[in-house]
Amino acid sequence: MRWTFDDCVLDMARRELRRAGVPTAVEPQVFDLLVYLIRNRARVVSKDDLLEAVWHGRIVSDSALANRINAARAAIGDSGEHQALIRTLPRKGFRFVGDVAEESAQSGPPGSALTPSKLCLSDQPSLVVLPFTDISPDQHQGHFSDGVTEDLITELARIRWLFVIARNSAFAYKHRPVDVKQISHELGVRYVLEGSVRRSGQRMRINAQLVDATTGVQQWGERYDRDAGEIFAVQDEIASSVAAAVEPHLLAAEGRRTALLSPADLSAWELVARAQSQLWRLTRNDYDGAIENLKRAVEMSADFAPAQALLGFALVFAAHMGWVDKSESLSVGRQHAERAIALDDRNPWGYSALGYAAMMQRRTEEAIAAFRGAVNLTPSSAAAHAHLSRGLAFAGYSDEAVRHGEAAMRLSPLDPEIALFRGGIAIAHYTARRFDEALRFTEENLRLRPGFQGASRLHCATLAQSGRVEQARAFLSDLRRSHRPPLTIAWVRENVPFQTPELMELFIDGLRKAGLDQ
């Protein structure tokens, strides 16, 4: 069954809401509420009716119900006081009063406004931050634990692919026993972030854990010990640290979840999540698979900004590594990055992709500005800091590049992308002629990601520049056998994005010392 009303289409089979032909984000529980109201639009439905149908008889506060009604109104454009679609009748209940047309989900010509996208909000990760519990002996830190919770909600809401439950709904659980599976059902979320605050004298301990609410499995946990200094500074630091750690662990959890699904059944978001887990491995085969998945995601939902952004980044990075043809992939990758920003100018992935494309085109100022834009949008994103670090390093701004690379590692020390974090620092040390320092980072990168072709090239040049010429020659011999396309001086000049002639010659000098003579 599919219902059309105003400029909306509500598709039961796809569990999708579209407004003006565009997929609209709506939480699963809000979707169920809309369906119930429309199905029963001939009458007034009471609060008890909604609790039984949507919450399956569970006790829900009036504020939680009001929050869901307001979310439903916002989703279908029924905001303000007019209540043209969902009307509240005081002390009686609610009624859907819009004009509705029913039709079969198969009707409508292909490509029409009624043709459903495969992107549904229920496929994307959703999270609630439960109020952190104050377990201090004197329990005087309630204001601090509430502040940490609120800051975390704000910080995590910056992640554009993640749906974060609003503060009022989250704080409805402040004095309730925690049952993550029940919370998952009531709020329609997949993940729960919970924690505690304990203070003893001038020391403060904050524990946080991320739980998959559908299975009860803990995905991440960490303990933070801090001096109880200036309260807002501590709150800011904790919120930033937790959000930075949660983002990659959520992506990793989503990648593991999609690994259990048939490729034919993956939604646009699930294809993005699977592709992200492939990109982290930094090998040619994994990038080939990721690009294929991201192209499928864009075909399913051309207006899905995360898919456009990640496809743009994958194509440009693959061109940098030499895994795809640069002449075509760089141009197409930039187009996807620009499309992602046009769809959502608050999505840092789009700016990181655009920054990489501009860096490969040696548009230095544009590249660094785009990378800075990603950091400004999500200051707690380790990946955003790492991309800025690489952009600065290739341009010769070594000290600032190191600072942002170290910030990335400090924010997310166990990040799956840690090789990229360390790579920016290695490039910065090389361009600053700190070759021994650069070598320390390239060695660790190759231990973490043996197939990382960019790290291999830099390691070869660094060995030679640090005086280990025989090692460099032996390493180059192995590298030339595996490097695709063939490694030559001409290829390096064309594809490795050092931003000035001086920096390029410094890199080529290292490769020549290692024995690359053509």
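Things worth noting here:
- For segment 184-198, the condition of being in a strand (DSSP E or B), of a type in the set (S, T, N, Q), surrounded by fewer than 22 Cβ atoms within 10 Å (Cβ to Cβ) and free of Cβ contacts under 8 Å to residues at least 60 places away in the same chain holds for none of the residues.
- Residue among Ala84, Ala42 that is modelled with pLDDT of 70 or more, of a type in the set (A, V, I, L, M, F, W, C), assigned to a loop (DSSP other than H, G, I, E, B) and surrounded by fewer than 13 Cβ atoms within 10 Å (Cβ to Cβ): Ala42
- In segment 461-473, the residue that is surrounded by the most Cβ atoms within 10 Å (Cβ to Cβ) out of those that are assigned to a helix (DSSP H, G or I) and of a type in the set (D, E, K, R) is Arg473.
- Flag for Leu152 being at pLDDT 85 or above, surrounded by 18 or more Cβ atoms within 10 Å (Cβ to Cβ) and outside any strand (DSSP E or B): yes
- Test: residue in segment 154-174 that is within 20 Å of Asp236 (Cβ to Cβ) and hydroxyl-bearing (Ser, Thr, Tyr): yes
- Hey, Ser267 more than 16 Å from Gln124 (Cβ to Cβ) and among the hydroxyl-bearing types (Ser, Thr, Tyr) or not: no
- The numbered conditions (1) surrounded by fewer than 22 Cβ atoms within 10 Å (Cβ to Cβ); (2) outside the structural domain of Val272 (by TED's automatic domain parsing); (3) not hydrophobic (A, V, I, L, M, F, W, C) are all true for Arg334 except (2).
- Flag if Ser241 is touching a Phe, Trp or Tyr at 6+ places or on another chain (Cβ under 7 Å) and either exposed (fewer than 14 other Cβ atoms within 10 Å of the Cβ) or in a helix (DSSP H, G or I) (or both): yes
- The residues on offer are Leu476, Leu458, Leu506, and the sole one that is part of a helix (DSSP H, G or I), more than 32 Å from the chain's Cα centre (by Cα) and buried (at least 22 other Cβ atoms within 10 Å of the Cβ) is Leu476.
- Look at (1) part of a helix (DSSP H, G or I); (2) under 30 Å from Leu343 (Cβ atoms); (3) modelled with pLDDT of 85 or more and you find that Gln235 fails only one, number (2).
- For Val402, the conditions (1) part of a helix (DSSP H, G or I); (2) in contact (Cβ under 8 Å) with a residue 60 or more places away in the chain are fulfilled apart from (2).
- For segment 380-398, the criterion of a residue being surrounded by fewer than 23 Cβ atoms within 10 Å (Cβ to Cβ), outside the structural domain of Phe435 (by TED's automatic domain parsing) and in a helix (DSSP H, G or I) is satisfied by at least one position.
- Within segment 100-149, the set of residues being at pLDDT below 90, assigned to a loop (DSSP other than H, G, I, E, B) and within 28 Å of His175 (Cα to Cα) comprises Pro125, Ile135, Ser136, Pro137, Asp138, Gln139, His140, Gln141.
- Hits in segment 1-16 - residues which are buried (at least 19 other Cβ atoms within 10 Å of the Cβ) and in contact with a Phe, Trp or Tyr (Cβ under 7 Å, 6 or more places away or on another chain): Leu10
The values are calculated or read from the model by the stated rules, or taken from the named source; none is laboratory data. Just so it is clear, the model here is predicted, and its values are computed rather than measured. For neighbour counting, all protein chains shown are included, and Cβ atoms are generated from backbone atoms with ideal geometry for every residue, glycine included.
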